[in-house]
Amino acid sequence: MLEKGKIYRAEVIDVNNLGDGIAKIDGIATFIKGGVTGDIADVKIIKTAKSYAVAMIDKLIQASDHRCENDCPVFKRCGGCVSRHIEYNFELELKRGYVVGALKRAGLDNITVHKTVGTGVTEGYRNKAQYPVGLDKKTGKVKIGFYAGRTHEIADIDECKLAPSVFTEVVSALREYIHKSGVSVYDEENGQGCILHIYLRHGEISGDVMLCLVINGDKLTDETEFCAYMREKCPVLTGILLNINKKNTNVILSDNYRLLWGKDYITDTLCGRDFRISKSAFYQVNRRAAELLYTKAGELAALEKGDILVDLYSGVGTVGMSIADRKTKLYGVEIVAEAIENARTNAEINGFESAKFLAADAAHFDSFIKDRGDGRLIVVVDPPRKGLDASVVRDIAENSPDRVVYISCNPDTLARDIVEFKKHGYGAGDVYTYDLFPRTGHVESVVLLTRYNEFS
């Protein structure tokens, strides 16, 4: 076992999706904060365990060719980005490597994983952000920013490079309002105080900006004054809401919203379709990169006249309506009822007159297709990070779709689910990877699954 507090010479051989360099010191896997593949450094051990250790760089002996200057003053404290010290082209290589590694660990060594594709835009791409609000115990000043890595300590920031400039304007105005009005902010230690989080959504094409304050209470002291102040300071706002969350949990948003002014949704355009997105509905945070991902999903679906498309975890209908034409028999299933309401509205807006959407668990999709006729069945899934339940994989396979297009935000659960599909006679083709979250450790993938004979 390595000795805590001792300094060792190490060569970084890889980087994980948390942005930690990986080295072997005396045969022990060591995770080095801020390390980059190719670095040679003297590192100080700060944590030891039976099978691994954690270290920090004490002295960089030889810098990696993949290392670059960090361009964010709060990068080392903020937990939002993990790779601002890594050249972006190498970040794309790493993300492909995360997918390759997950597949190999699942015994899927024979699947080709294509290079990770990005838009080239690495700043200002996020259309949604959630900022915790708190007090600096030493100065008494309000802190608004993001949680420092693996903590609940708020790193106070003036600007986030991943967010659009309009978010910076709104947060700045809110900071001023809190100081001016004296409204309290939440204290995790005693559970007292009003403002917990700031939740923002933005329509890149429409310009819509929705502001939602998450509060520990039923109302603000003067909601009329608050709306007037924010509208004057930020005329771009199209809606102001409260989210009432009095539970002491790590869940940021409750189901209890109240509209104070304007609209409780934003609109945006994706793949040539117009979408209404409600306050709580899922929408990819990087619109331009999502268009690349959905275009590939459409290619893999290879829809033909007469096909039936079932969009599971459909959200507001973005995937299905982005890859299908208006004559396709389109069915969507989503457990969030408000998102289904959006999807029905979006179908009307975009001319999908025969599209049907069901507010239900994904396992119930077969109720749509009992009388499917002679058309091919194409299923597209875009589940949350936990992936698909084995029962959902079974239900999909039992309905014998001709093609299953699987969009994933988690390489590990994607690999697990490919193995599960294999048990039911479906094999995976090439995996295509996309960078929807530049400067973070996340990567999106899409893969086509068909019956074995197609890939045999």
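The values are calculated or read from the model by the stated rules, or taken from the named source; none is laboratory data. Quick caveat: nothing in here was measured; it's all calculated off a predicted structure. A quick note on method: Cβ atoms are made from the backbone with ideal geometry, for glycine too, and the neighbour counts reach across all protein chains shown.
Here is how the numbers come out for the structure above:
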item	result
Residue 439 charged (D, E, K, R) and part of a helix (DSSP H, G or I)	no
Residue within the range 125-139 that is within 21 Å of the chain's Cα centre (by Cα), charged (D, E, K, R), under 24 Å from residue 18 (Cα atoms) and crowded, with 20+ Cβ neighbours inside 10 Å present	yes
Extreme residue, farthest from residue 119 (Cα to Cα), among residues of the range 387-428 that are part of a strand (DSSP E or B) and in contact (Cβ under 8 Å) with a residue 40 or more places away in the chain	403
Selection status of residue 253, touching a strand residue (DSSP E or B) at 6+ places or on another chain (Cβ under 9 Å) and within 27 Å of residue 290 (Cα to Cα)	yes
Residue list for the range 352-369, filter: assigned to a loop (DSSP other than H, G, I, E, B) and not aromatic (Phe, Trp, Tyr)	353, 354, 355, 360, 361, 369
Of the criteria (1) buried (at least 16 other Cβ atoms within 10 Å of the Cβ); (2) farther than 23 Å from residue 72 by Cα; (3) more than 22 Å from the chain's Cα centre (by Cα); (4) not hydrophobic (A, V, I, L, M, F, W, C), which one residue 175 fails	(2)
Unmet criterion (only one of (1) free of Cβ contacts under 8 Å to residues at least 40 places away in the same chain; (2) surrounded by 23 or more Cβ atoms within 10 Å (Cβ to Cβ); (3) closer than 23 Å to residue 328 by Cβ) for residue 364	(2)
Sole residue being farther than 21 Å from residue 233 by Cβ, outside the structural domain of residue 214 (by TED's automatic domain parsing), without any contact (Cβ under 8 Å) to a residue 40 or more places away in the chain and not small (Gly, Ala, Ser), chosen from 117, 121, 100	100
Given (1) of a type outside the set (A, V, I, L, M, F, W, C); (2) touching a Lys or Arg at 6+ places or on another chain (Cβ under 8 Å); (3) surrounded by fewer than 15 Cβ atoms within 10 Å (Cβ to Cβ), number of the condition residue 120 does not satisfy	(2)
Any hit, the range 229-240, residues being among the aromatic types (Phe, Trp, Tyr) and closer than 22 Å to residue 128 by Cβ	no
Residue ranges of strands (runs of 3 or more DSSP E) in the range 189-286 with at least 2 members modelled with pLDDT of 95 or more, among the small types (Gly, Ala, Ser) and surrounded by 17 or more Cβ atoms within 10 Å (Cβ to Cβ)	none
Any hit, the range 162-169, residues being surrounded by fewer than 18 Cβ atoms within 10 Å (Cβ to Cβ) and not β-branched (Val, Ile, Thr)	yes
Qualifying positions in the range 414-435 - surrounded by fewer than 23 Cβ atoms within 10 Å (Cβ to Cβ) and closer than 19 Å to residue 93 by Cβ	430
Qualifying residues in the range 1-20 (those that are outside any loop (DSSP other than H, G, I, E, B), of a type outside the set (A, V, I, L, M) and under 24 Å from residue 80 (Cα atoms)) - the one farthest from the chain's Cα centre (by Cα)	14
